[in-house]
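The structure under discussion appears below in the form of structure tokens.
Throughout, read-outs are computed from the coordinates displayed, never taken from laboratory work. The model shown is predicted, which means the values in this text are computed figures rather than measured ones. Positions of Cβ are generated from backbone atoms using ideal geometry, with glycine treated the same way; all protein chains shown enter the neighbour counts.
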Amino acid sequence: MKKLNFSYGLDWLMALFAVLSALAVLQTFIIGKHFIIPTMILVVAILFGNLAWYGFKQKKWAKQINFWLGVIMTSHCFFALFWAKKYREVLGSLFEPVAVVVTLILLGLTWLYARKNQSPR
């Protein structure tokens with residue numbers, strides 16, 4: 001329970017991405033019958049898994065990478081509010097509420113992650 005706080009928020013997000021990527025590897029290999037594509041998805045799963053693992057171990061380099069990935073994901077969601085076409089097609093009238101909520105959650109999570117993991121000066 002000690003790791004369920006905002007200083008590990010983006011580490012948990014990277015762990016979630018690692019699990020989803022691993023499931024995507026299984027789906028494309030077993031169901032999709034692809035053999036090359038799962039290997040590249042496995043690279044993503046290993047990358048996110050290592051970022052989560054070392055973030056939980058309080059490694060500064062992993063914390064910094066996770067922070068910057070949070071900034072990039074937040075920026076992506078923010079700019080999607082104005083220019084996304086595919087997301088808007090898929091979600092229809094729910095696009096704005098969903099995109100705003102996801103953007104605000106990522107913004108808050110990234111800000112709190114940075115604040116909780118800030119090095120003493």
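In the Gaussian network model of the chain, springs joining C-alpha atoms below 10 Å, which of M73, M14, M40 carries the largest mean-square fluctuation?
Ranking M73, M14, M40 by mean-square fluctuation puts M40 first.
What nm distance separates the two modelled labels at I46 and L23, each placed 7 Å from Cα along Cα→Cβ?
In this crude spin-label approximation the distance works out to 2.3 nm.
If the only charges are +1 at each Lys and Arg Cβ and -1 at each Asp and Glu Cβ, what is the size of the charge dipole of the chain around the Cα centre, to the nearest 20 debye?
The calculation lands at about 500 debye.
What spacing in nm lies between the two simple spin-label points modelled at N5 and S93, each 7 Å away from Cα in the Cβ direction?
It works out to 4.4 nm between the two label points.
Among (1) 1.08; (2) 0.96; (3) 1.03, find the value of Rg/Rh (Cα atoms, Kirkwood Rh) that was calculated from the structure presented, and write down its label.
Calculated Rg/Rh (Cα atoms, Kirkwood Rh): the matching label is (3).
Going by C-beta contacts inside 10 Å, put K116, K57, K63 in order with the fewest on the left.
Going from sparsest to densest Cβ surroundings: K57, K116, K63.
Please list, by residue number, every one of the chymotrypsin sites (Phe, Trp or Tyr not before Pro) in segment 59-121 that is coil in DSSP and has at most 15 other beta-carbon atoms within 10 Å.
Answer by residue number: there is no such site.
Considering the chain as a Gaussian network with a 10 Å cut-off on Cα pairs, which listed residue, V43, V90, V102, attains the greatest mean-square fluctuation?
V90
Please arrange T39, T74, T110 by how many other C-beta atoms lie within 10 Å of their C-beta, fewest to most.
T39, T74, T110
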